[in-house]
Every structure is written in C-alpha cells, then in structure tokens.
Amino acid sequence: MTQASAETTQTDVTGKSASSSPFSGFRLGKSLVVAIDGPSGSGKSSVSREVARRLRAAYLDTGAMYRAVTLHCIATGVDLHDGAAVEAAARDIELFISTSPDRESVTIAGDDVTAAIREPGVSSSVSAVATTMGARAELIRRQRALIAGAGHRIVAEGRDITTVVAPDAEVRILLTASEEARLRRRGDQLGGTQTDAQLRRQVTERDAKDSAVVNFQQAADGVVTLDSSDLDFEQTVSAVLGIVRTVAH
Ligand SMILES: Nc1ncnc2c1ncn2[C@@H]1O[C@H](COP(=O)(O)OP(=O)(O)O)[C@@H](O)[C@H]1O
Ligand SMILES: Nc1ccn([C@H]2C[C@H](O)[C@@H](COP(=O)(O)OP(=O)(O)O)O2)c(=O)n1
C-alpha cells in the first residue's frame, strides 16, 4: 500500500517577499488552510488554483483523486458497483498528485494520468467511487495527510473539505453559481462540443448522485457562501481573496 505523496510548492516561509504579495498585510508564517467546496462548474478548481498562486500556497484538487481511483478501477477491471473491491482499489492505489498550483500532475504507479482522468468515461463513472464510503474514508485520510504535509499554506477544494476533510480550516467557503451559469461555463470549457443533455448529465445529474453522500449545496455553520453567478473569473478570485483577508486576519 502506498500513500499519496505530494510535491509541495516552494512557499516563502521566511515572509521576506511580503511587501510584493497581494497579501502584504497577511501574517506570513501563520498556518493557513483555505477550504473551498461547491457543485460542478461553480469554478472551484480554476478559482482555487489561481487563489493558491496569489497566496503562494499549495493547491489540492481532491476531485482529481476520486477521478484517479475511478480510472484505476476501470483500467484494472474492478466492478464499480462492488463496494468492497472499490474500497480495496482506493487503499491499494499508488497515487501521486502534485500540490503545486503551477504544475498539474497525477500519476498512478508512475504512469502520467493527468489528462486521462478528465476523459468523459471517467466523469460519467466517478460518482460510483465518490459514493463508496470505504473509498471516501481512504481518500479523506490521504487528503488530510497531504494538507498536513503541504507546508504552511494550502488551498484545498472539493465537496467535503469545509465539512469533513478540514472542518478546522482557517477559511471555509462554499462557492456556488446558478445552474444556468454552471452549465454555460462547462459547455464553454468543453469548447461547445457537448449537447444540452450531455452537459446536464455531467453537471446536474452528477451533482445529484454525489449529493447522496455529501452536502455541498448548503453552507455548514461557519462556512461563507460566495455566489459567483454574476461575477467573472477575476472578480471571483478577488472575492475569495477578500474573504481570506477578512476571515484569516
Ligand atoms: N466566475 C466565473 N465566471 C466565468 N467563468 C468561470 C468563473 N469561474 C470559473 N469559470 C470557468 O468555468 C469553467 C469551470 O470551472 P471549474 O473551475 O472547472 O469548475 P469546478 O471545478 O467547480 O467544476 C472553467 O472554464 C473556468 O475557467
Ligand atoms: N472532496 C470531493 C471531491 C470530489 N468528489 C467527487 C464529486 C465528483 O463527481 C468527482 C470529481 O470531482 P471534480 O471536482 O473533478 O468534479 P468537476 O468535474 O470539477 O465537477 O469526485 C467528492 O465526492 N468529494
């Protein structure tokens, strides 16, 4: 059994670059975990990655880990409806995920699967892994280890980071957007190649399946909701940084 390992960003632990940072007033050296949850297409991955860059923090895409286990099951012939087998696959997988916001990299036993985990076949099957509680328990354990090992700052995003993986995070945000905005964004992201029905399956229907085991539709106590429906990408990044400034000071 191999535990997921992380390549952390070169973060400035000395605080020497504080004056050139958008966070010049932020107490460098103090531990900062920013937890961001939300439904599909709300902007979690893209916004969290950019926020991590600007904070000079590490970045963890937990959805990529569920995707990697799904790909591994498909590639090794594990029946995705066999909970015990999926749980065993989650425990046994030799998974590496980069936590650098500047380098997207996921490997399984040394094989680069960074692009493969985004294939439609994985997207349409990943809820089977996400709703297998034994697999969740294993991935949550690895995610906590990655967060603990990432240095003094990390932005981690997914569906249960604010509630289960890191409920003690200094900053907890639920990033939402209207269904219409989320479908439009995903459609644009995929270059207009998907029909309305395909987009609904990948966004709305997947969220409905995933909601059976984790609540990412309503903010838990202490979690700040940020509705990005009427914000563009840059405005959303700025709004998250504003929340970090307010909450983490
Ligand atoms: N506030 C925003 N306004 C417009 N487009 C956005 C916004 N936030 C993210 N996007 C775009 O929407 C698409 C989906 O975002 P993504 O980060 O993949 O969402 P999620 O991780 O929540 O599924 C991406 O192409 C991203 O650049
Ligand atoms: N912390 C997490 C992260 C993702 N998941 C599930 C929910 C999703 O169906 C899959 C893939 O997540 P991902 O964030 O890549 O999904 P998107 O395609 O960006 O919407 O994993 C989860 O259950 N818990």
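Rounded to the nearest 500, what is the chain's calculated 222 nm mean residue ellipticity when only DSSP H runs of at least 4 contribute -39500 (n - 2.57) each, over all residues?
So the helix-based figure for the chain works out to -12000 deg cm²/dmol.
Can you give me the convex hull volume of the Cα atoms of the range 82-217, divided per residue and expressed in Å³? If you can, show how the numbers build up before the last one.
Numbers: hull volume 18.0 nm³, N = 136.
Dividing the Cα hull volume of the range 82-217 by its residues yields 132 Å³.
Given a Förster distance of 51 Å, report the FRET efficiency between E94 and S178 from their Cβ-Cβ distance, rounded to the nearest 0.05. Walk me through the numbers on the way to the answer.
Details: r = 40 Å, r/R0 = 0.78.
After rounding, the FRET efficiency stands at 0.80.
Quick one: net charge of E180's neighbours, Cβ under 15 Å, K/R +1, D/E -1? Working shown, then result.
On the way: positive: R182, R184, R185, R186, R200; negative: E179, D188, D196, D207, D227, D230.
Charge balance in the 15 Å sphere: -1.
Expressed in nm to one decimal, what extension gain is obtained for the pair A197 and D221 from 0.36 nm per residue of sequence separation less their Cα-Cα distance?
Details: separation 24, 0.36 × 24 = 8.64 nm, distance 3.46 nm.
This chain segment gains 5.2 nm when fully extended.
Could you give the length gained on full extension between R53 and K209, defined as 0.36 nm per residue of separation minus the Cα-Cα distance, in nm?
Details: separation 156, 0.36 × 156 = 56.16 nm, distance 3.17 nm.
Length difference between fully extended and current span is 53.0 nm.
So what's the angle, to the nearest 10 degrees on a 0 to 90 scale, between helix 179-189 and the longest Cα principal axis of the chain?
80 degrees
Take the Cβ-Cβ distance between R103 and E234 as r, set R0 to 22 Å, and report the resulting FRET efficiency rounded to the nearest 0.05. Intermediate results must be reported in sequence, preceding the final value.
Working: r = 22 Å, r/R0 = 1.02.
After rounding to 0.05, the efficiency reads 0.45.
Can you compute the radius of gyration and Dmax for the chain, using only the Cα atoms, both in Å?
When restricted to the Cα atoms of the chain, Rg and Dmax are 17.5, 54 Å.
Would you rank K30, K44, K209 by solvent-accessible area, highest first, keeping every protein chain in place and using a 1.4 Å probe? Write down the numbers at each step before the final one.
On the way: K30 70, K44 15, K209 110 Å².
Result of the area sort, largest leading: K209, K30, K44.
Hey, if we sort F233, F96, F216 by accessible area with the 1.4 Å probe, largest down, what's the order? Display every interim value, and only then the final one.
Values: F233 100, F96 45, F216 0 Å².
Result, largest first: F233, F96, F216.
Which percent, nearest 5, of DSSP beta bridges in the chain are antiparallel? Walk me through the numbers on the way to the answer.
Details: 5 of 26 bridges.
Of all bridge pairs located within the chain, approximately 20 percent are antiparallel.
If you find the alpha carbon centre of the range 214-249 and of the range 43-87, how far apart are they in angstrom?
21 Å
Provide M65, M133 ordered by accessible surface of protein heavy atoms (probe 1.4 Å), highest first. Working shown, then result.
On the way: M65 0, M133 105 Å².
Accessible-area ranking of M65, M133, largest first: M133, M65.
The values are calculated or read from the model by the stated rules, or taken from the named source; none is laboratory data. All values derive from a computational prediction rather than experimental measurement. Cβ sites come from the backbone with ideal geometry, for glycine too, and all protein chains shown count toward neighbours. SASA here: full protein model, heavy atoms, side chains in, ligands and nucleic acids out. Shrake-Rupley method; radii C 1.70, N 1.55, O 1.52, S 1.80 Å.
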